[in-house]
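The structure is given below, and queries will be raised subsequently.
Each reported figure results from applying straightforward, stated rules to the coordinates on display, with no laboratory input. Everything numeric here is computed off the predicted structure, so don't read it as measured data. Cβ sites come from the backbone with ideal geometry, for glycine too, and all protein chains shown count toward neighbours.
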Amino acid sequence: MTTRLPWPLIRTVLLDMDGTLLDLRFDNQFWRELVPARYAQRHGLPLDQARAEVAARTRAVEGTLAWYCLDYWTRELALDIVTLKREIEHLIAVHPHVLEFLDALRAAGQRVILVTNAHRQSLTLKMEKTRLAGHFDVIICAHDLGLVKEQPEFWPRLREREPFDPATTLLVDDHLAILRAARTYGIAYLVSVLQPDSAHPPKPPGEFPAIHDFSELLPVG
């Protein structure tokens, strides 16, 4: 099944990283398994209690810059989060057909911008492992703007930093709250990702056009 987009009308393509271009399995494994295990060891807690405490702490700041900030979690959990990420860096993986899609965008002349909430150190690790950086005209990290994509104020700030016309812009993201914020701002073309984590079954289609993988957005032109 192909998701038809009016490619001649699209000038700018905004792409999320985790769960969209990259498999969310790495992040889910990190936060749900590795971090609680190391937190339990560090603080002398049963694993179940550590899981509950880490989950409660993350829920308390969900949707804010702190949720994505590795410096914040290093302080809060008393763990070296950046070093821990390298323990399972082998799980960092590009979703199917992403490279084909990025190459098609470049050939068609669209401006391609990676827009991620990920912390700079996480972004650096993932670009190092995937070698995707050269496929983007610009890489924008939410921490550089002081806001996350879920926040309505993020989008005009992004536009000040990297001018784009919402009427000729496509955003592909796996996060419903982000897609809704972008829609409110006026971004014309919005696509969600049904299977952010390859270890979990696809989500049911929702209120946005959705893809299982990037082959469904081809051909670009």
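Ranked from highest to lowest mean number of other Cβ atoms within 10 Å per residue, what is the order of the peptides 12-20, 194-202, 109-117? Kindly include the intermediate steps, with their values, before the conclusion.
Working: 12-20: 23.7, 194-202: 14.7, 109-117: 20.9.
Put in order of decreasing packing, that is 12-20, 109-117, 194-202.
Which ³J(HN,Hα) values in Hz, rounded to whole numbers, follow from the phi angles of the stretch 30-38 under the Karplus curve 6.51 cos²θ - 1.76 cosθ + 1.60, where θ = phi - 60° and Gly and Pro get x?
5, 7, 8, 10, 5, 4, x, 5, 6
Now, a different point. Place a point 7 Å from Cα of Glu53 in the direction of its Cβ. Which residues in the stretch 77-113 have their backbone N less than 14 Å from it?
77-79
So how much slack lies between Asp103 and Ile88, counting 0.36 nm per residue of separation and subtracting their Cα-Cα distance, in nm? Could the numbers behind the result be given before it?
Details: separation 15, 0.36 × 15 = 5.40 nm, distance 2.81 nm.
This chain segment gains 2.6 nm when fully extended.
In the stretch 36-111, which GluC sites (Glu not before Pro) fall in coil by DSSP and have 15 or fewer other Cβ atoms within 10 Å? Mind showing how you got there, number by number?
Numbers: sites: Glu53, Glu62, Glu76, Glu87, Glu89, Glu100; in loops: Glu62.
Here the sparse-neighbourhood loop sites are Glu62.
What is the gain in length, in nm to one decimal, between Gln29 and Thr124 on full extension, counting 0.36 nm per residue of separation less the C-alpha to C-alpha distance?
Numbers: separation 95, 0.36 × 95 = 34.20 nm, distance 1.89 nm.
Stretched fully, the Gln29-Thr124 segment lengthens by 32.3 nm.
What is the ratio of the Cα radius of gyration of the stretch 79-129 to 2.2 N^0.38 Å, with N the residue count, to two decimals? Intermediate values should be presented prior to the final figure.
Values: Rg = 13.9 Å, N = 51, 2.2 N^0.38 = 9.8 Å.
Normalised Rg, Cα atoms only: 1.42.
Let me ask another. From the P(r) of the stretch 1-61, can you give the percent of Cα pairs sitting at distances over 13 Å?
Values: 1304 of 1830 pairs.
So the portion of pairs separated by more than 13 Å is 71 percent.
Compute the convex hull volume of the Cα atoms of the stretch 26-90, divide it by the residue count, and report the result per residue in Å³ as a whole number.
Working: hull volume 5.0 nm³, N = 65.
It comes to 76 Å³ per residue, whole-number rounded.
Sticking with this structure for a sec: Note down the Stokes-Einstein diffusion coefficient of the stretch 68-185 in µm²/s, whole number, using a Kirkwood radius over alpha carbon pairs, 10 °C, and 1.306 mPa s.
Working: Rh = 15.8 Å.
Answer, rounded: 100 µm²/s.
Once you compute Rg and the Kirkwood Rh from C-alpha atoms, what is the Rg to Rh ratio for the chain? List each step's numbers first, then the result.
Numbers: Rg = 17.6 Å, Rh = 18.1 Å.
Rounded to two decimals, Rg over Rh is 0.97.
Using alpha carbon coordinates only, what is the Rg to Rh ratio of the stretch 120-221, with Rh defined as the Kirkwood radius? Show your work: numbers first, answer last.
On the way: Rg = 14.5 Å, Rh = 15.2 Å.
Using Cα coordinates only, the ratio equals 0.96.
Read phi for every residue in the stretch 55-64 and hand back ³J(HN,Hα) as whole Hz from Karplus 6.51 cos²θ - 1.76 cosθ + 1.60, θ = phi - 60°, with x for Gly and Pro.
In residue order, the calculated couplings are 4, 5, 5, 6, 4, 5, 10, 4, x, 10 Hz.
Looking at the stretch 1-67, which trypsin sites (Lys or Arg not before Pro) are in a loop (DSSP not H, G, I, E or B) and have at most 15 other Cβ atoms within 10 Å?
Numbers: sites: Arg4, Arg11, Arg25, Arg32, Arg38, Arg42, Arg51, Arg57, Arg59; in loops: Arg4, Arg11.
The qualifying sites are Arg4, Arg11.
Show me, for the stretch 113-129, the HN-Hα J-couplings you get by feeding each phi into the Karplus relation (A = 6.51, B = -1.76, C = 1.60, θ = phi - 60°), rounded to Hz, glycine and proline as x.
10, 7, 10, 10, 7, 4, 5, 4, 5, 5, 4, 4, 4, 6, 5, 4, 6
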